Amino acid sequence: MRRANKNKSGIILKKNENILTEIVKKRKLDIERKKLLFSQNNLISMGEDIKIINSLEKKIISNKNISIIAEMKRASPSAGVLKENLIPEIRAKEYFRFGASGISVLTEPDFFKGSMIDLENVSKISKKNEIPVLCKDFIIDEYQIYEAKAYGADCILLIIAILEPSEYAAFYTLCEKLNLDVIVEVFDENELEIAMKISPKIIGINNRNLKTLETSLDVFPTLSKYIPDQTIKIAESGMKNIEDVNLMKIHGADGILMGETLMRQDAKLHNFMKKITNIPAK
């Protein structure tokens, strides 16, 4: 009999099936359903009405201290439920006040309990504060890129682990056409080699293996040395304290993307973010 196991988000996985495979499988189904309800052409029209786009690249370059992309999410496969009653607009205002250079909004619904409405609500506030917003999702179809633009995203995440090289190149080109910044996410040397073939402006190095959910702060130092100085380097996942952030900075991080740790701060959020944003850039 084939056994199944349950991850912290409550989703049951089949034996030998990693969490990333399951997420992508569900995203494909979700996207096909969405296409039946709302056409890509409608999304394109919505996106054309959005005139203000805040550049994450420019924000990081202009920052004298290390940049923090502060993430909001209700849950994750690795941590389980973090803040089920999250009100994105309130959290976004806190992140703005406490010095975030960008806001990351999880829009994946099944494992992270996010939505495009979360993105839209945050982007309405971010446009006024001139803070870029990242649509954090598992992008596998150009429909999602048009959708993110339509709901107010300034930046898109492209994960090399779930894309064919041709898809990656095409999606990156589309984002450039739409004036959206891109964080290209990698986990190992093979993914980095694929990513660098089109010379992306921003590379995100994920310290978490998305297939096993295990984290190691050795990943960023191992890969960052292969990335040219002119490329913006973002350290993602696994950082729990100021010492971890400093380690990433020592190894060349221009910024960090932090979610779970920030979601657990609450009353201490201001002081914690202040310490991070006072760390000088490299």
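Bear in mind that the values in this text are calculations on the coordinates, not laboratory data. Predicted model, so just to flag it, every value in this text is computed and none were measured. Here Cβ is always computed from backbone atoms with ideal geometry, including for glycine, and neighbour counts include all displayed protein chains.
Residue count for the range 60-86 satisfying the condition of being among the β-branched types (Val, Ile, Thr) and assigned to a strand (DSSP E or B): 3. The set of residues in the range 87-100 that are touching a residue at least 24 places away in the same chain (Cβ under 8 Å), hydrophobic (A, V, I, L, M, F, W, C) and assigned to a loop (DSSP other than H, G, I, E, B) comprises Phe98, Ala100.
Being among the hydroxyl-bearing types (Ser, Thr, Tyr) and outside any helix (DSSP H, G or I) is the filter; apply it to the range 228-270 and report the residue that is surrounded by the most Cβ atoms within 10 Å (Cβ to Cβ). It would help to see each step written out before you state the result.
Residues of the range 228-270 that are among the hydroxyl-bearing types (Ser, Thr, Tyr), as a first pass: 231, 237, 261.
Retained after the next criterion (residues that are outside any helix (DSSP H, G or I)): 231, 237.
Working: Thr231: 17, Ser237: 28.
Per the criteria, the residue is Ser237.
Selection of first residues in the range 113-133 that are under 18 Å from Lys58 (Cα atoms) and of second residues that are assigned to a loop (DSSP other than H, G, I, E, B) and among the acidic types (Asp, Glu), restricted to Cβ pairs under 9 Å at least 6 apart or on distinct chains, gives the following pairs, ordered by first then second residue: Ser123/Asp154; Ser126/Asp154; Lys127/Asp154; Ile131/Asp154; Pro132/Asp154; Val133/Asp154.
In the range 202-227, which residues are aliphatic (A, V, I, L, M) and either farther than 26 Å from Glu22 by Cα or crowded, with 19+ Cβ neighbours inside 10 Å (or both)?
Those that are aliphatic (A, V, I, L, M) and either farther than 26 Å from Glu22 by Cα or crowded, with 19+ Cβ neighbours inside 10 Å (or both): Ile202, Ile203, Ile205, Leu210, Val219, Leu223, Ile227.
Among the residues of the range 188-227, those that are free of Cβ contacts under 8 Å to residues at least 40 places away in the same chain, part of a loop (DSSP other than H, G, I, E, B) and not aliphatic (A, V, I, L, M) comprise Asp188, Lys197, Ser199, Pro200, Asn207, Asn209, Glu214, Ser216, Asp218, Lys225, Tyr226. With respect to the conditions (1) touching a residue at least 60 places away in the same chain (Cβ under 8 Å); (2) farther than 17 Å from Asp30 by Cα; (3) surrounded by fewer than 24 Cβ atoms within 10 Å (Cβ to Cβ), Asp154 lacks only one, and its number is (3).
Under 23 Å from Arg33 (Cα atoms) and either touching a Phe, Trp or Tyr at 6+ places or on another chain (Cβ under 8 Å) or among the β-branched types (Val, Ile, Thr) (or both): which single residue out of Ile160, Ile140 fits that description? Quick ask: steps written out before the conclusion?
Details: Ile160 fails: under 23 Å from Arg33 (Cα atoms).
Selected residue: Ile140, the only one of Ile160, Ile140 that is under 23 Å from Arg33 (Cα atoms) and either touching a Phe, Trp or Tyr at 6+ places or on another chain (Cβ under 8 Å) or among the β-branched types (Val, Ile, Thr) (or both).
Considering Ile103, Ile61, the condition of being among the β-branched types (Val, Ile, Thr) and under 18 Å from the mean Cα position of the chain (by Cα) is satisfied by Ile103 alone. Residues that are on the phi > 0 side of the Ramachandran plot and crowded, with 17+ Cβ neighbours inside 10 Å do not occur anywhere in the range 45-65.
The set of residues from the range 88-113 being surrounded by fewer than 24 Cβ atoms within 10 Å (Cβ to Cβ) and of a type in the set (Gly, Ala, Ser) comprises Gly99, Ser101. Has the range 66-76 got any residue that is in contact with a Ser or Thr (Cβ under 8 Å, 6 or more places away or on another chain) and free of Cβ contacts under 8 Å to residues at least 40 places away in the same chain? No, the range 66-76 contains no residue that is in contact with a Ser or Thr (Cβ under 8 Å, 6 or more places away or on another chain) and free of Cβ contacts under 8 Å to residues at least 40 places away in the same chain.
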